[in-house]
Structure formats: structure tokens, C-alpha cells
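Inspection log for the structure reproduced underneath, given as C-alpha cells.
The values are calculated or read from the model by the stated rules, or taken from the named source; none is laboratory data. Just so it is clear, the model here is predicted, and its values are computed rather than measured. Because the Cβ atoms are built from the backbone with ideal geometry, glycine has one as well, and the counts that use them run over all protein chains shown. Accessible surface is based on the protein model in full, side chains and every heavy atom, while ligands, DNA and RNA are left aside. Shrake-Rupley method; radii C 1.70, N 1.55, O 1.52, S 1.80 Å.
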Amino acid sequence: MTETSFAPRVFSGMQPSGNLHLGNYLGALKPFVEWQGKGVETVYCMVDLHAITVWQDPADLRRSTREMCAGFIAAGLDPEKSILINQSQVPEHAQLGWIFNCVARMGWMGRMTQWKDKAGKNAENASLGLFGYPALMAADILVYHATHVPVGEDQKQHLELTRDIAAKFNHDYGVDFFPMTEPVIEGAATRVMSLRDGSKKMSKSDVSDASRINMTDDADTIARKIRKAKTDPDALPSEAEGLAGRAEARNLVSIYAALNGQSIDAALSEVGGLQFGAFKPMLADVAVARLSPISSEMSRLMADTGEIDRILMRGAERARAITAPILKQTYEIVGMVGPTP
Ligand code: TYM
């Protein structure tokens, strides 16, 4: 199959479990907004079914889903231009997910680093959903015949698996039905690291709140977290090679560059030679300038959750106009009899 035989369509998803943080923003949400302006259909999803692969308090899940939708809109996604959905309201995701459970192999799933990290030594006690997680993720993407998926670096392996599932389905059934999706992992900050430890990814599951900047943090909190961020004693280099072996310095410079929409080299030509004492306030200023308007818009939108629910309902209707025919064709290919949902 040629990779160009499908009309371009962008899909991406995010788990509504906990707060949106700077890693989500720079690695995913900012690129989502950039794609929206490129004249391609864009679909963005709060993956609530994925979230429950580990325990979620129901009230927290509802709040996080609505807050994530508010965050998407506050960051610049327009519900008229992009289709905004929560996964559970578009049942074709889970239905195709089942088919892919029957296509994907146990061995493939067992090799996923995210599964190994999350289940750890306690795999016997992990949910079956956590193990099968990447098959549902493949379904999220392929039920739209999506061709491009903007994500952070940590999702690369799951997107390779999505291609493996599409290729095996096409091969097993002798069809050219699912596209070979392209991961789009671009920008200066595709892997934002913890502010406390430059070898760990910034993540909502880190026990230390000081390790991450949440989209809902106020200006003082952002400035304090940056002031306390781990660094080394040397001045910043003037070229990217000078960041080798300096994980914390690389991370802060990457964040600065990404927030300014610059390359790392362009950022270093501006801040190279500075000590962290001088650089950190500059970083805090740009972080506050970019994030504060988003967080205040988020709180404004959260005052009317009825409107958010209407946006998600309308998004689901538009999404199903795409997903229902693709699922119907999939059922026909697989050999299911009768009227399909
Ligand atoms: P999730 O919810 O963990 O993260 C959402 C997006 O944010 C990116 N991201 C980061 N980028 C840079 N630095 C970081 N520290 C950082 N942390 C998170 C992630 O790469 C991701 O793009 N499995 C997905 C959700 C998903 C999905 C999909 C994504 C479900 N179905 C279909 C794309 C397409 C996840 O858990 O992302």
C-alpha cells in the first residue's frame, strides 16, 4: 500500500488522569493547535477508556475530562475547526479495539516499555486493560483512517505497534484497508524532563509536584518551581553540542526554546554564556507569559461545564460520521453478519 493513498487526517489523544502539565503542552497540545491551522481535518480525543486501565475515582475522572477539554480550547483548539471528543462517547473506538485485540500478539504487547514501566514487578496484579492498552490506541487512530499523529517522544513505540497492527490486519484479510500512520514528533521539547531529575520524564504520576509545571499553576508557583529546578554549576553553552552530558541544562533550554517557538541553537545564541541565576528568571517569565492566559481561560470555561458537555456531544456526533462507516466496513471484511451498529 502506498502511504499517500489516504486523505490526510490528524488524530491524537491524551489521558484525562490528573492535571495537564508542561510536557503535555509542549509535546502534544501546542502541536495540536499548529496542525489545526494547516487545512487538514483534525480530531483530538480525551481517552477516558484508557484512563481507567488504572483505578480512577469516578468524580475525579469526570472533572479531569472536562478540565482537559477546557485546556484544549484554552490553548487554541476551536471546536468548530477541530473535532473534540471523549473516547467513550464514540463507541467505535472500543469496538475496533476488540478486533485489534484479536490481531495484536501477546509478545508484541509484552515488549512495550510503557507496559513494563507501569506494571513493573507487579504485572500479575495489573489490569488486562493495561496490557491491551496499545491495541485500543491503534483503534483510536485507525478508526479514523488517520494518517498523522502528533505526539511526544514517549509514544513512538505505541505508534510503531499501530503500524504493525494495520499491516497484519491488511495482510491477514488481503486488503489495503488501514493506512500506515506517520508519527509526528517535532519541536524543541518532544521529551520534557522532570525539573527535579533530568533523567526522568516530566509526568503526572511523579509524586513530587515540584517535578512538573501544571497548566493550572499560578505565576508564583511556576516561578518558584523553576527557581528550584535542579541545575549544574556551569554557565550555559553557546551551541547545542555543549549540552551533551548536561541533562538538566538541556531540559531547561529545550523548554525555553519550545515556549518561544525557537530551535535549541537559536535559543542558545541568545542565552549562551549566562549562569542559571540569570537564565532562570528569563525562563520563568516566558513560561508565565505563555501559560497564564491558558490557565485563566481554563478556569473561565470550567465555570460552565454544561457548555463543555455540549461541545463533547457535538464532537462525538461529527466523529461518528467518520467512524461508523469505517467500523461497518471492518466488520464486513472480518465476516460479521448483519446490520452493524
Ligand atoms: P499521555 O496522556 O501520557 O500524554 C499525552 C501527550 O503528551 C505527551 N507527553 C509528553 N511530551 C513531552 N514531554 C513529556 N514529558 C510528556 N509527557 C506526555 C505524550 O507523548 C502524548 O502525546 N497513550 C497516550 C494517549 C493516547 C493516544 C491515542 C495518543 C491514547 N490513544 C492515540 C495518540 C493517538 C498517552 O498515554 O498519552
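The table below lists the values:
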quantity: For the chain, accessible area per residue (1.4 Å probe, heavy atoms of protein chains only), Å²; calculated: 45 Å²
quantity: Exposure ranking of Glu332, Glu307, Glu67 by accessible area [1.4 Å probe, largest first]; calculated: Glu332, Glu307, Glu67
quantity: Solvent exposure ordering (accessible area, 1.4 Å, most first) of Arg318, Arg246; calculated: Arg318, Arg246
quantity: Cα-based shape type of the range 75-117, given that a ≥ b ≥ c are square roots of the gyration tensor eigenvalues and the cut on a/c is 1.5; calculated: oblate
quantity: For Leu49, solvent-accessible area (1.4 Å; no DNA, RNA or ligand), Å²; calculated: 60 Å²
quantity: Lys/Arg +1, Asp/Glu -1 at C-beta; the chain dipole; positive extreme among Gly272, Thr65, Phe32; calculated: Thr65
quantity: Share, in percent, of DSSP beta bridges within the chain that are antiparallel, nearest 5; calculated: 10 percent
quantity: Interatomic Cα distance distribution for the range 209-300, bins of 10 angstrom, percent; calculated: 17, 50, 27, 6, 0
quantity: Sorted peptide list for 114-125, 145-156, 202-213, criterion being average Cβ within 10 angstrom, highest first; calculated: 145-156, 202-213, 114-125
quantity: Span per principal axis, largest first, for the Cα atoms of the chain (Å); calculated: 68, 43, 43
quantity: The range 255-341 - convex hull of alpha carbons, volume per residue in Å³; calculated: 170 Å³
quantity: Shape of the range 1-134, Cα gyration tensor, a/c cut at 1.5; calculated: oblate
quantity: Fraction of accessible area attributable to carbon and sulfur, the chain (%, probe 1.4 Å); calculated: 52 percent
quantity: Nearest-20 debye value, the chain charge dipole, Cβ charges on Lys, Arg, Asp, Glu; calculated: 520 debye
quantity: Sum of -39500 (n - 2.57) over DSSP H runs of 4+, divided by residues of the chain (222 nm, nearest 500); calculated: -16000 deg cm²/dmol
quantity: Computed accessible area, Asp265, all protein chains, 1.4 angstrom probe, square angstrom; calculated: 80 Å²
quantity: Listed residues Asp164, Asp140 arranged by accessible area, highest first, probe 1.4 Å; calculated: Asp164, Asp140
